[in-house]
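For reference, the structure is listed below as structure tokens.
The values are calculated or read from the model by the stated rules, or taken from the named source; none is laboratory data. This one's a predicted model, so the numbers in the text were calculated from it and none came from an experiment. Cβ placement follows ideal geometry from the backbone for every residue including glycine, while neighbour counts extend to all protein chains displayed. What goes into the accessible areas is simple: the full protein's heavy atoms, side chains included, and nothing from ligands, DNA or RNA. Shrake-Rupley method; radii C 1.70, N 1.55, O 1.52, S 1.80 Å.
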Amino acid sequence: MRAHPIFAPILAPCLALCLALAPVLAPAAAHAEEPSPLGIGLEGFAYPFPVRFLPLSRDGEAQRLAYMDVPAADNANGRTVLLLHGRNFPSSYWEPVIRTLSNAGYRVVVPDQLGFGKSSKPIGSYTFDRMAADTLALADSLKIQRFDIVAHSMGGMLAVRMARNYPQRVNSLVLEAPIGLEDYRFTVPPVSDEALITREADLTADAYRKQLMTSYALSIPASAIEPFVSIRERVKGSGEYPRWLKSFVNSYQMIWGQPIVHEIPLVKAPTLFIMGANDHNAPGKGFAPTEMRSSMGDNTGHARALAGRMPNGKAEVLNNVGHLVHMEATEMFNTLTLEFLNTH
């Protein structure tokens, strides 16, 4: 359709202006589609329940330990469960477990360890002993004398250390796909902080998504882990991203250099391993000599063997499930967890 002659003097300048602005508007539109930066304390990223903070100190700096404290929804049984997250996830991923435990009468306390999620990011070395002490300080601040622990992945290593350091405080353990069931120092050589930082900084969103899906042998669609991929990508836009990188790398060095496998048979608290049969995750496997990688990550085998050496250990293995058991087989995980907690 041609414009009426009477509008030509008006439309012509407008068209010229639009054409002139096109090169400017196009980059702006493209920029608008980029993910917005996210602070390294995950400011702006919503958690399913209110988040509170416990003041702590580390590396001569004031720190904040973030946590959710969810009361029993009904018929409180007077017991508290601590949920301990893995290395690649904020504590928000526990939502389906929190709701199940709360509905069953448990108080549920869910911290982000220092260095993770909404907590502060220390830049000094990490130790499981200090992490356990921080977690106990949280329990003390909430006047919780005795508790059960449900822990995933790296959280399983922390849970074992807590049970060893504070046996009088830990009632029972549920270890979901824990890492640390072998001593990685026997197969993985030391890797410098600088090499790890470079590797993590160069990891794209696509590469990280693929890493989670394949290393964890996940049976859920990639869309289910997209929030965690998005978090990692968005913190790159923070001015404190170098601090996040240093903190994240320090947690790898803790996992590699502070094995807990030798302590597991000494844990006296009743312990249930819930394993995914497809989970062969082993931190540092990519750095191991090629000929040794196939021997790493026999997690179900290790769990069964270790449970058999414990005073009160048991292992359940779920077929067709990988490393994120509580997200891949939520109903079964929650059922096993509740049955175990309710009988101990």
Those residues of region 319-344 which are surrounded by 21 or more Cβ atoms within 10 Å (Cβ to Cβ), under 22 Å from the mean Cα position of the chain (by Cα) and either at positive phi or not hydroxyl-bearing (S, T, Y) (or both), in sequence order: V321, G322, H323, L324, V325, H326, M327, E328, A329, F333
Identity of the residue in region 66-82, surrounded by 17 or more Cβ atoms within 10 Å (Cβ to Cβ) and of a type outside the set (V, I, T), that ends up farthest from M162 (Cα to Cα): A72
G286 fails exactly one of the following numbered conditions: (1) in contact with a Lys or Arg (Cβ under 9 Å, 6 or more places away or on another chain); (2) open to solvent by 30 Å² or more (accessible area, probe 1.4 Å); (3) among the small types (G, A, S); (4) not in a helix (DSSP H, G or I). What is the number of that condition? (4)
Cβ pairs under 8 Å, 6+ apart, first in region 325-338 and without any contact (Cβ under 8 Å) to a residue 24 or more places away in the chain, second surrounded by 15 or more Cβ atoms within 10 Å (Cβ to Cβ) and not in a helix (DSSP H, G or I): M332/L318
Select, from N75, N88, the only residue that is at pLDDT below 95 and over 15 Å from V150 (Cβ atoms). N75
Flag for V261 being among the aliphatic types (A, V, I, L, M) and under 30 Å from P96 (Cβ atoms): yes
